[in-house]
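Visitor: Take a look at the following structure, please.
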Amino acid sequence: MDEPYPDASSPARTATLAALAMLAFAGNSLLCRLALKGTSIDAATFTFVRIASAALVLWLILAARGGDARRAGSWASAAMLTLYAVAFSYAYVALPAGAGALLLFGAVQATMIGYGLFRGERLTARQWLGLTLALAGLVWLVLPGLAAPQPLSSALMLVAGIGWGVYSLRGRGLADPTAATAGNFLRAFPIATVVFALAYRHATFDAAGFGYALASGALTSGLGYVLWYAALKRLDPATAATVQLSVSVLAAAGGVALLGEALSVRLVVSSVAILGGIALVIVNRRKR
C-alpha cells in the first residue's frame, strides 16, 4: 500500500500544505455563503451535494492507494460530521462569511478546551484569562444590536462548531485520518440523503449553486482535508490549533474582497478578543 500522506518532511512543504488547507477551509465558508446568497440553491441541497462530492473524491483518493473507505470511520463520527455540515449550511443563509467562520472556529476550540477541562486538565492564570477574553468576545459578537449577526443563524453556527469539535476529538490519534474521513463521509451520505428528502419540497438550485456546492465538497472539503492531514503529520497539536485560527481572518478578508461584506468594528474587536484569547490558551498549553 502507498504511503497514506504526501511527503511533508520539510518545514517549507509542511507550511505550504498547511497554508493551502487553511485557504480551503476558508473557501468552504466563502463558497457556502456565495451559493446561498447569490444563487437559488437551498441549504439542504447544498449540504447534500457537498457531502456527496466530498465522499466521492475521498473514496477515489483512497481507492487509488489500495484502501477501502467502507472499513474506515464510524457512524457516530459520521453523525457529528453531518450535524456540522447541515448546521453550517443553514447558518450561512443569513450570516456573513467572516462572522460565521469566527463563530464556527470559536465554538470548535471552546468545545475542545471544554473537553480538556472536563477530563481534569488544569489551566494556568494566563489560560483562564485567555478563555475569559475569548468568551467575552464571542458574547459581544452575538449581543443584540445593529451590527450583530442574526441570532438563529449564530446559534446554528455554534452548533456546527460543537459538531466539528466533537468530530475532531473523536478523530484524535487515528493511524490513517484520511481513510477515516473517507469512511465518515461515505456514512454521512445516507444521513444527508434523509435530510435532503425531508426538505425536498423546498429544494431549489441552479447551475451556479450546484457548481459552488460541488466545489465545496470536492475541492475545499475533500482535497482540503487531505492537504490538512498531510501537514498535520508534522505539526504538534498546539501549532495545529493555532494555525486553524487563521481561517476566520481569511474568511473575513474574502467576504469583504469577494462578497462585498462590511467589515464592522464589532467584528474586528470580537475577532481580536476571540482569536487572541484562544491563542493565549493554546500557546500556554504548548509551553507546559
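Coordinate-derived values only; no laboratory data. Worth saying up front: this structure is predicted, and the values here are computed from it rather than measured. Cβ sites come from the backbone with ideal geometry, for glycine too, and all protein chains shown count toward neighbours.
Visitor: By count of other Cβ within 10 Å, fewest leading, how are Arg119, Arg126 ordered?
Guide: Starting with the residue having the fewest Cβ neighbours, the order is Arg119, Arg126.
Visitor: Highest first, please rank the peptides 31-38, 164-171 by the mean number of other Cβ atoms sitting within 10 Å of their residues. Working shown, then result.
Guide: Numbers: 31-38: 23.0, 164-171: 19.8.
Highest to lowest by the protection proxy: 31-38, 164-171.
Visitor: Normalised by the residues of the chain, what does the relative contact order come to in percent, with Cα pairs under 8 Å and at least six apart?
Guide: Worked out over the chain, it gives 42 percent.
Visitor: Considering amide H positions built from the backbone, and no H for Pro or chain starts, which residues 5 or more places from Ile41, or on another chain, come under 5 Å of its amide H?
Guide: For Ile41, whose amide H was placed from the backbone, the distant partners under 5 Å are Asp206, Gly209.
Visitor: Here is a follow-up. What is the magnitude of the charge dipole of the chain about its Cα centre, with +1 placed on the Cβ of each Lys and Arg, -1 on the Cβ of each Asp and Glu, and no other charges, expressed in debye to the nearest 20?
Guide: That gives the chain a dipole magnitude of about 700 debye.
Visitor: More than 32 Å apart: what percent of Cα pairs in region 11-287 qualify?
Guide: Values: 7579 of 38226 pairs.
Above the 32 Å cut-off, region 11-287 has 20 percent of its Cα pairs.
Visitor: Then there's this: I'd like to know which of Ala213, Leu20, Met157 lies farthest towards the positive end of the charge dipole of region 11-287, counting +1 on Cβ of Lys and Arg and -1 on Cβ of Asp and Glu.
Guide: Leu20
Visitor: Which helices pass in the chain if a helix is a full DSSP H run, must span at least 30 angstrom along its long axis by Cα, and must have mean Kyte-Doolittle hydropathy not below 1.0?
Guide: Helix filter hits for the chain: 43-64, 97-118, 177-198, 265-287.
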